[in-house]
Amino acid sequence: MSTGAQFGYLIAAICFILALKGLSAPKTARYGNWAGAAGAVIAVAVTLSVGHLQHLGLILGAVAVGAVIGVPAATRVKMTAMPQLVAIFNGVGGGAAALVALIEFLTVASQSSKIAMGDQAATVFTVLVGSVSFAGSMVTFAKLQELMTTRPVVLPAGRWISGAVFVAAVGLAVAGLPVRSTGLLVTLLLVSLGLGVLFVLPVGGADVPIVISLLNAFTGLTVAASGYVLGNTLLIVAGTLVGASGTILTRLMAAAMGRPLTGILFGAFRASVAGPAAAAQNRPVRSGTPEDIAILLGYARKVIVVPGYGLAVAQGQHTIRELADLLTARGVKVAYGIHPVAGRMPGHMNVLLAEANVPYESLLEMDEANMELSSADVALVVGANDVVNPAARTSPGAPIYGMPILNVDSAAAVVFCKRSLRPGFAGIENELLYDPKTTLLFGDAKESLSKVVAAVKAL
């Protein structure tokens, strides 16, 4: 490889590092995205310019097909569907790395009678982990897209089946190290696909985004290993960055849920899975009109807004910003309590509110928000459920038990904007809905908030 090409790869690697640094804070996230995109463009341009590429027409054709699929998918996706998009893109990356490693093995095996042990080990690792990442990501996509149940799926004797498949996959990987067997590698790929499915099936509810982050780390490691197989330093650097950042993010999200990663991944095998929430038609709740809520908010001193997935579905972020501006003009102190796993992915609420130009200083992290909630007159919960559910503190059998939550029940009054009394993503009932100090405003979040805005203006 020429010095110019190596320098180009170095610039691309620097761009990837700057991208991760930029994405670590909301104010610099846009620049981080641009840096990452620039690095990818430079990497592709350098690769295409080094020469000695075979089947260039097929490569460019594949790039064109990918662009035709990827650009509309990325531009048209709703914020509520972003986690699914991340899952499927991540899975495709892992699967691609596994296939590239397998094809490279076949190519080298046909041209040489001997393959270096390091290359063989990297190939086996990439096929194993890449296949697990691909299959697991497809299952997480199906769960988030509600093509299948979002609840944990525990097969009869599931722990033993999963254990047997895991042992088989590791056994095939070890057996594939000293021998050149295409059939053994293909078998490893198929068994690993099954392992990926079994790995994710027992995970459900709010734990699914954590598994997406873990699988993202897996994909990064497979890309790094495939870079070793191909002798491409940039792939090693990029894959290592993704693997390291994905691992850190997974640990942070697990900490935000208040549970160890092993409990998130394998907890369904050790405990009974909670059934669907009981019907609540006969339990009394206190509901209010938009005018009632407007009076409650308009004459408060401090209001803490807690956004959730329902706000994203309704695309009500601009309306909540308008309401906050009206309340601020009346002398009400307004802030937003952000739970680390609110929505379906880390930072979901931050990005949603940034679209409405909500000031960053108004966004409170969970610990700070809980301090403010204890002195708040009103906690306005819009579309959130599990992240404010007291069952995380009081119900040891609940799937979210032990998860740190936003303590909205410590506010003087609670307002819930909800479509219905249906449970949240974790599938359990929220006792806070029946608390005497809670007022429910039923309906689409954007429509309900628009009516409250009109009522506040009329005060």
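Brief remarks follow.
- Taken over segment 292-308, the criterion of being assigned to a helix (DSSP H, G or I) and crowded, with 23+ Cβ neighbours inside 10 Å is satisfied by ILE293, ALA294, LEU297.
- The sole residue among VAL378, VAL382, VAL388 that is more than 25 Å from the chain's Cα centre (by Cα) and surrounded by 23 or more Cβ atoms within 10 Å (Cβ to Cβ) is VAL378.
- Going through (1) within 19 Å of the chain's Cα centre (by Cα); (2) surrounded by fewer than 16 Cβ atoms within 10 Å (Cβ to Cβ); (3) modelled with pLDDT of 90 or more one by one, THR289 falls short only on (1).
- The number of residues in segment 405-453 being over 14 Å from TYR309 (Cα atoms) and modelled with pLDDT of 85 or more comes to 32.
- Only listed residue being part of a loop (DSSP other than H, G, I, E, B) and either at pLDDT 85 or above or assigned by TED's automatic domain parsing to the domain that holds ARG151 (or both), chosen from ARG283, ARG259: ARG259
- Contact annotation: residue pairs with Cβ atoms under 6 Å, 6 or more positions apart or on different chains, pairing a residue in segment 191-210 that is touching a residue at least 40 places away in the same chain (Cβ under 8 Å) and of a type in the set (Phe, Trp, Tyr) with a partner that is buried (at least 24 other Cβ atoms within 10 Å of the Cβ) and part of a helix (DSSP H, G or I), are PHE199/GLY136.
- Filtering segment 392-441 to residues that are aromatic (Phe, Trp, Tyr) and in contact (Cβ under 8 Å) with a residue 12 or more places away in the chain leaves PHE416, PHE425, TYR434.
Results for (1) touching a Gly at 6+ places or on another chain (Cβ under 7 Å); (2) surrounded by fewer than 22 Cβ atoms within 10 Å (Cβ to Cβ); (3) not in a helix (DSSP H, G or I), shown as yes or no for each residue.
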{"position": "ALA74", "(1), (2), (3)": "no, yes, no"}
{"position": "LEU85", "(1), (2), (3)": "no, yes, no"}
{"position": "VAL108", "(1), (2), (3)": "no, yes, no"}
{"position": "SER137", "(1), (2), (3)": "yes, no, no"}
{"position": "THR150", "(1), (2), (3)": "yes, yes, yes"}
{"position": "VAL165", "(1), (2), (3)": "yes, yes, no"}
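- Boolean, LEU327 is over 26 Å from LEU265 (Cβ atoms), aliphatic (A, V, I, L, M), outside any strand (DSSP E or B) and more than 27 Å from the chain's Cα centre (by Cα): yes
- Residue in segment 341-355 that is under 18 Å from the mean Cα position of the chain (by Cα) and at pLDDT 90 or above present: no
- Residue check: VAL456 meets all listed conditions (1) surrounded by 20 or more Cβ atoms within 10 Å (Cβ to Cβ); (2) in contact with a Ser or Thr (Cβ under 9 Å, 6 or more places away or on another chain); (3) hydrophobic (A, V, I, L, M, F, W, C) but one, namely (2).
- Helices (runs of 4 or more DSSP H) lying entirely in segment 361-459 (those with 2 or more residues that are in the same structural domain as GLY337 (by TED's automatic domain parsing) and β-branched (Val, Ile, Thr)): 445-457
- One residue from PHE89, PHE125 being under 24 Å from the mean Cα position of the chain (by Cα), in a helix (DSSP H, G or I) and modelled with pLDDT of 85 or more: PHE89
- Some residue of segment 243-254 being within 12 Å of VAL132 (Cα to Cα) and in the same structural domain as LEU99 (by TED's automatic domain parsing): no
- Top-ranked residue of segment 335-355 - restricted to ones that are free of Cβ contacts under 8 Å to residues at least 40 places away in the same chain and not in a loop (DSSP other than H, G, I, E, B), ranked as surrounded by the most Cβ atoms within 10 Å (Cβ to Cβ): TYR336
The values are calculated or read from the model by the stated rules, or taken from the named source; none is laboratory data. This structure is a prediction, so every number in the text was calculated from the model and none was measured. Glycine gets a Cβ as well: all are built from the backbone with ideal geometry, and neighbour counts include every protein chain shown.
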